[in-house]
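What follows is one structure encoded as structure tokens, with my remarks underneath.
The values are calculated or read from the model by the stated rules, or taken from the named source; none is laboratory data. Since the model is a prediction, treat every value here as computed from it, not as a measurement. In this analysis, Cβ positions are derived from the backbone assuming ideal geometry, glycine residues included, and neighbour counts consider all displayed protein chains. These accessible areas exclude ligands, DNA and RNA; they are computed on the full protein's heavy atoms, side chains included. Shrake-Rupley method; radii C 1.70, N 1.55, O 1.52, S 1.80 Å.
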Amino acid sequence: MEKSPNEEEEKLEVFEVPTPSLPEKSNLKGDWLNFFLLLLLYTIQGLPLGLAIALPIIFQSKKIVTYKEQAFFSLVAWPYSIKILWAPIVDSLYVQWIGRRKSWLIFVQFLMGVVLLYTAINIDEWLPDSEIPNLKALVFTFCVISFLAATQDIVVDGWALTMLKKNNVGHASTCNGTGLALGVLIGTICPVLLTSEDFCNKYLRITPSTGGIITMKGFLYFWSFTIMLITTFIGIFKREMDNRLEEGHVKINVFKSYKLLWKILKLPNIRVLAIALLTMKIGFSATDAVSKLKLIDAGVSKDDIMIITISLYIVKFIVPIVVSKYTSGTKPMSAYLNLMPIRLLWSIAYVVLIYYTPILIKNNGVVNVPTYYYLILVFISIIHEILAYTMYIFTLGFFSRISDSRFGGTYMTMLSTIASFGWVVSNTLALRMIDVLTFSKCSNDDENTCSTIDLKNVCDKNGGNCLTTVDGYYVEIIICVVIGFIWYGLFRNMLKNFQTKSSSYWMVYVNRPSEEKVEDSVDPCSK
């Protein structure tokens, strides 16, 4: 007997699963406007990430915060790592006539603009030029902004699976990678370089003047209004396809969405994949989270660091395009695994460079950076960025291929959240453990460990210098690389095998024989 639509909605376990089929060859003809819209939305999402990168560099250059305080500020990235907690709400609650994704996108991006406007009003008080910043206010506010950006990520990831044609879904990772890179670039360059008096006088002005060519306040004002204007245009002009017309559409409420999430997490493949994603970034955490800050400690100026960072974004724009044939292919994780040992070993290049930096750039205590040093630093940074960003794009491509488009927001968010959580926890611990693994003492007071800013100031006032006996950075690099190779040995074959499984292995569905009890999920290969 055929079930009515209402009965179908009452049973979460019963889904009509579309017949799995291999995607057609990608062709963006007729999809270019959607491609560029996704690029714009991911750019907006990247702005808060850029600001979260810029502020620690500003803190470190002023030498007014410890690594422990840097670890505290790194909490602003955590909303990206727990967004799965509210992803089912975003997937289930919406205004039908506005659109499943537009309902949330308009609300979230308008609110993001408002919070940025509030931040602009208070930023001069929270981040004074020569005083200790108000870390609590900055962390709270940017956590809210990150929360909104993370929610926007849920919306856009889900919309990308239906906005693009089925054969073009693999290009969603290209939009994600390039758009985020552009947003992070804008959010990093402007607060660090264009507000810097030294940089502007050296590179952008004919006649030296005070201050940068923009202010942090002005930057935040501009983007708060720009985001609200863009959101208005999307609300008026962009139509969203009625989600009820999607193949295999199932309308479920919030409770059933969380139940769905739990059932996805119970799939054997997902459990193993989750463990791999949570731990895959440990091997790189010391290099990624600490190396730039250590270069600043060694004497390289923040302006020089940012100029090099700008040049690296050219790489970030190009990489998603170059590797798109792999991300839209069938085995993106094989390419990821091929690059992993190279990236782990490349950490040694950073270690050697940072160790010799004070010798290479200082002459009698005066910083004078030779040209060859910049060439070495740029070369090492470019190789590192190519490896890191290419591997990131490969994981996004893998997520796009295995996610069920019927619940794309929840599914994509679950996978990216697990990976992101492993990343931010690893980076926060890497920053926090630097001070723990570092041993120092004042040159004229063995009792003074120079472990805080106050103790360092006391040492300076007494005519001493803080001498590092064991640098925790080098210890941490060794530990992380060893853990990285252990991870590689444990998960390499598993992840390669996952790529060969059909889409049915990643869906929550049931076999419905007439007289048997409905099961939560069925492994097709068990038949």
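Things to note:
- From the options Ala54, Ala71, residue that is touching a Gly at 6+ places or on another chain (Cβ under 9 Å) and either closer than 19 Å to Met216 by Cβ or part of a helix (DSSP H, G or I) (or both): Ala54
- Qualifying residue in the range 410-429 (condition: under 30 Å from Leu93 (Cβ atoms), of a type outside the set (A, V, I, L, M), touching a Pro at 6+ places or on another chain (Cβ under 8 Å) and open to solvent by less than 20 Å² (accessible area, probe 1.4 Å)): yes
- Selected residue (only one of Asn201, Asn122 is part of a helix (DSSP H, G or I), open to solvent by 20 Å² or more (accessible area, probe 1.4 Å) and more than 18 Å from Ala54 (Cα to Cα)): Asn201
- Any pair with Cβ under 6 angstrom, 6 or more apart, that starts in the range 202-219 at a residue that is of a type in the set (Gly, Ala, Ser) and ends at one that is assigned to a loop (DSSP other than H, G, I, E, B): Gly212/Thr195; Gly212/Ser196
- Residue in the range 438-453 that is hydrophobic (A, V, I, L, M, F, W, C), assigned to a helix (DSSP H, G or I) and touching a helix residue (DSSP H, G or I) at 6+ places or on another chain (Cβ under 7 Å) present: no
- Residues satisfying the criterion are absent from the range 27-38 (criterion: within 30 Å of Asp435 (Cα to Cα), in contact (Cβ under 8 Å) with a residue 12 or more places away in the chain and out of contact with any Lys or Arg (no Cβ under 7 Å at 6 or more places or on another chain)).
- Residue tally, condition closer than 25 Å to Ser285 by Cβ and in contact with a strand residue (DSSP E or B) (Cβ under 9 Å, 6 or more places away or on another chain), over the range 450-477: 7
- Search result, residues across the range 319-335 that are at pLDDT 75 or above and either farther than 23 Å from Ser502 by Cα or buried (at least 21 other Cβ atoms within 10 Å of the Cβ) (or both): Pro332, Met333
- Flag if Asp288 is open to solvent by 10 Å² or more (accessible area, probe 1.4 Å) and over 22 Å from the mean Cα position of the chain (by Cα): no
- Evaluation of Leu353 against (1) touching a strand residue (DSSP E or B) at 6+ places or on another chain (Cβ under 9 Å); (2) at pLDDT 90 or above; (3) not small (Gly, Ala, Ser) (one fails), failing number: (1)
- Every residue from the range 34-66 that is open to solvent by less than 20 Å² (accessible area, probe 1.4 Å) and hydroxyl-bearing (Ser, Thr, Tyr): Tyr42, Thr43
- Being at pLDDT below 90, touching a Phe, Trp or Tyr at 6+ places or on another chain (Cβ under 8 Å) and closer than 30 Å to Ile402 by Cβ holds for only one residue in Leu278, Leu293, Leu273, Leu267, and it is Leu267.
- Matching option when the condition is open to solvent by 10 Å² or more (accessible area, probe 1.4 Å) and not small (Gly, Ala, Ser), among Leu138, Leu180: Leu180
- Residue match in the range 506-513 (condition: modelled with pLDDT of 50 or more, out of contact with any helix residue (DSSP H, G or I) (no Cβ under 6 Å at 6 or more places or on another chain) and either in a strand (DSSP E or B) or open to solvent by less than 60 Å² (accessible area, probe 1.4 Å) (or both)): yes
- Here Ser81 meets each of (1) modelled with pLDDT under 85; (2) under 12 Å from the mean Cα position of the chain (by Cα); (3) closer than 19 Å to Leu229 by Cβ with one exception, condition (3).
- Residue match in the range 150-172 (condition: at pLDDT 90 or above, part of a helix (DSSP H, G or I) and closer than 24 Å to Ile318 by Cα): no
- Test result for Ile382, within 22 Å of Cys175 (Cα to Cα), in contact with a Phe, Trp or Tyr (Cβ under 6 Å, 6 or more places away or on another chain) and aliphatic (A, V, I, L, M): no
- Condition check for Lys501: surrounded by fewer than 15 Cβ atoms within 10 Å (Cβ to Cβ) and under 30 Å from Arg401 (Cα atoms): yes
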